[in-house]
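Each value in this text was obtained by applying a stated rule to the coordinates, not by laboratory testing. Model, not experiment: these values are computed from the prediction. Don't worry about glycine lacking a Cβ; one is built from the backbone with ideal geometry, like all the others, and counts go over all protein chains shown.
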Amino acid sequence: MLDWNKIDTVLLDMDGTLLDLHFDTYFWLTHVPEKFAEKNSLTPDEAYREILKRVRAHEGTLNFYCLDFWSDNLQLDIAGLKNDVSHKIAYRPQVTNFLEQVRQHNKRSVIVTNAHRDSLDLKLEKTGLGECVDAIFCSHDFRRPKEDPDFWLNLQQHEPFKERSTLLIDDSLPVLRSARDFGIAHLLTITQPDSQQAPRETEEFLSVDDFADILPGKKRD
């Protein structure tokens, strides 16, 4: 599925790619609505519908990923609430082995995430993920989400990479389309970002579920 001889740089999303999206799904669809309901004397269903309406209004924007924005919008300590359920943060299958193999094969590994810095720091603290890669960039650093074509231009100015020899693995189809339009040649998505939900349709992109299937050095069938 991948010709590693043509790849020098591996760009990696974090949530739903390296880490199980179940943490974020549970947090935003269960934990936050429960706290919002308590604060505003709503039923959990009423709180869920209200939060979903607000979230959908900001999809594809930096606000969508910004904990400060949602803390203000919902009048909740979002960063603190994330810490309350941080025991749910977990790797996806074979991620650490994959990252070790990428390093051993002299490929540069770079996390590129839309996660807010507070969320990123919490996940790095819980997983040690930062020790497994060469660099980490957050869309908030550039004030552009990865869905914005300018994100990739800004990233390239800080982390020089050649589009034709770069692989991006990301669970977000809009992000992959943005990267493809920028010229990144090798693109993969994730079949099952959330381990507690069914595999999904990945549309025009090739997908992987277990990173053991794409290890550098693995013989191709």
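Below, the figures for the structure above:
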read-out	value
GNM result for the chain, Cα springs below 10 Å: residue of His116, His87, His105 fluctuating most strongly	His87
Antiparallel bridge percentage (DSSP; both residues within the chain; nearest 5)	5
Normalised contact order of the chain, rounded percent, pairs of Cα under 8 Å and 6 or more residues apart	29
Descending principal axes extents, the chain, alpha-carbon based, whole Å	58, 33, 32
Gain in span if fully extended, Asn97 to Lys126, counting 0.36 nm per residue against the direct Cα distance	8.7 nm
Residues of the stretch 1-38 with amide N under 18 Å of the 7 Å Cα→Cβ point at Asn73	24-37
Folded to 0 to 90 degrees: helix 95-104 orientation relative to the chain principal axis, Cα	30
Listed peptides 30-43, 2-15 by packing density, highest first (mean Cβ within 10 Å)	2-15, 30-43
5 Å binning of all Cα-Cα separations within the stretch 23-87, expressed as whole percents from 0 upward	3, 19, 29, 30, 16, 3
Computed [θ] at 222 nm, deg cm²/dmol, the chain (DSSP H ≥ 4; -39,500 (n - 2.57); rounded to nearest 500)	-11000 deg cm²/dmol
